[in-house]
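Shown next, in structure tokens, is the structure this report addresses.
The values are calculated or read from the model by the stated rules, or taken from the named source; none is laboratory data. In this text the structure is predicted, and so the values were computed from the model without any measurement. Cβ sites come from the backbone with ideal geometry, for glycine too, and all protein chains shown count toward neighbours. Protein only, heavy atoms only, side chains kept; ligands, DNA and RNA dropped before computing areas. Shrake-Rupley method; radii C 1.70, N 1.55, O 1.52, S 1.80 Å.
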Amino acid sequence: MKGNAYINYVSFNTDWWRIPIGNSFGYVSKKEAKIEETGAPRPEQVSSTFYGDASLTEEKTPIYSSISTSSKKIGQFDAHIQIEVINQNENWSKVKLGGLVGYVKKEDLQIDNGIPVLMYHNLFREEENHKFKGTFVTITPEFFESQMKWLRDNGYHTISLEDLQKYVEKKKALPDKSFVITFDDGFVSTRQYAYPILKKYSFKAENFIITSRTPDQSQPFDPDQLTTQALSMQDMEKMKDVFSFGAHTHALHDRKDAHTSGLLTQLPYDEVVADLKLNRKELPTLSPYFAYPYGNLNETGIRAVRDAGFKLAFTTQEGRVFPGDNPLILDRKGVYPNMDMEDFKNIFATSN
């Protein structure tokens, strides 16, 4: 807006200044702005990282110079922009705009409710599930498809883990109705059932792979061989238009017995780091994303995950992902066979 004096800016190139706006950046033409001498300090680097509460604009939202709609408008946020609210009263929220302080009407904002990261494992049809009816990780492809159809019909869309990483780091706002789909263990059933269903509804997903179990050649689908049937390198190559492939340890997805935690929390730090680095190396691409086996973790395991080069790591703890979360201890929303469609829809209720 004409007359604005930004104090938080850097030269982006010969033609543009860059300023932080909300949780993003904006650009001002150098031809339409001039430098004024001022005693105000200016940061050497421009960052959109913020420390206030995260809110989202619902529509295009004017920014006023004071708490009155008759005051000067100093800018406007587009719809669905994530912004920092410094503080607020009953009617107004205080925000930042390129080093300026502005005010937006509180009614124009909504709370950022976080991103649901769905967690799946295995898909079997009822009539072929002879051995694993009691497992909490197996749902039917029919149930899975009904979930994907509901999400598509209600305007939801998947985002990549790259986008989620930027969101957690407070470097990117995400559109309303964003979510993530993850599968743990790399079972062949994801090739048999999940892949065609996801492709049908134009959704993307992450599949966390145990690379010590990965064969070179594809295996015929056999629902009686759950634990020995893993996606091959051939499978992953054919599925990469829908799936990305993250890490789930090379050979640590195991435990001494059902009453102890996984090997990742039992072995020395050096052994865990070596396994995780091998896990990354053996994937189709060197993924920076990891899921803890059984959701088990401790301080040593978290440090090993970080030092192996991972940027995001997921637990089985129930919850959503928010800006500023610890990126190596991210919650997910598990989808289980004892759920019905109402339970599934409730995952996306704004109160959750």
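Structure notes:
- Matching residues, segment 71-106, being small (Gly, Ala, Ser), in contact with a strand residue (DSSP E or B) (Cβ under 7 Å, 6 or more places away or on another chain), buried (at least 16 other Cβ atoms within 10 Å of the Cβ) and not in a strand (DSSP E or B): 98
- Scanning segment 206-218 for residues that are more than 12 Å from residue 186 (Cβ to Cβ) and modelled with pLDDT of 90 or more turns up just one, 218.
- Hey, residue 227 modelled with pLDDT under 95, of a type in the set (S, T, N, Q) and within 20 Å of residue 335 (Cα to Cα) or not: yes
- Matching residues in segment 46-57 - criterion: being more than 20 Å from residue 5 (Cα to Cα), at pLDDT below 75 and surrounded by 14 or more Cβ atoms within 10 Å (Cβ to Cβ): 50, 52, 53, 54
- Filter result for residue 343 (out of contact with any helix residue (DSSP H, G or I) (no Cβ under 9 Å at 6 or more places or on another chain), modelled with pLDDT of 90 or more and buried (at least 17 other Cβ atoms within 10 Å of the Cβ)): no
- Residue match in segment 235-245 (condition: among the charged types (D, E, K, R), part of a helix (DSSP H, G or I) and surrounded by fewer than 18 Cβ atoms within 10 Å (Cβ to Cβ)): yes
- Output for segment 190-243, where each listed residue is in contact (Cβ under 8 Å) with a residue 60 or more places away in the chain, under 14 Å from residue 145 (Cα atoms) and of a type in the set (Ser, Thr, Tyr): 190, 193
- Those helices (runs of 4 or more DSSP H) of segment 116-226 in which at least 2 residues are open to solvent by 50 Å² or more (accessible area, probe 1.4 Å) and either over 26 Å from residue 286 (Cα atoms) or not acidic (Asp, Glu) (or both), considering only elements entirely within it, cover 141-153, 195-200.
- Residue match in segment 281-294 (condition: part of a helix (DSSP H, G or I) and either hydrophobic (A, V, I, L, M, F, W, C) or open to solvent by less than 30 Å² (accessible area, probe 1.4 Å) (or both)): yes
- Whichever residue in segment 1-38 is surrounded by fewer than 14 Cβ atoms within 10 Å (Cβ to Cβ) and of a type in the set (Ser, Thr, Tyr) and, among such residues, is modelled with the lowest pLDDT: 38
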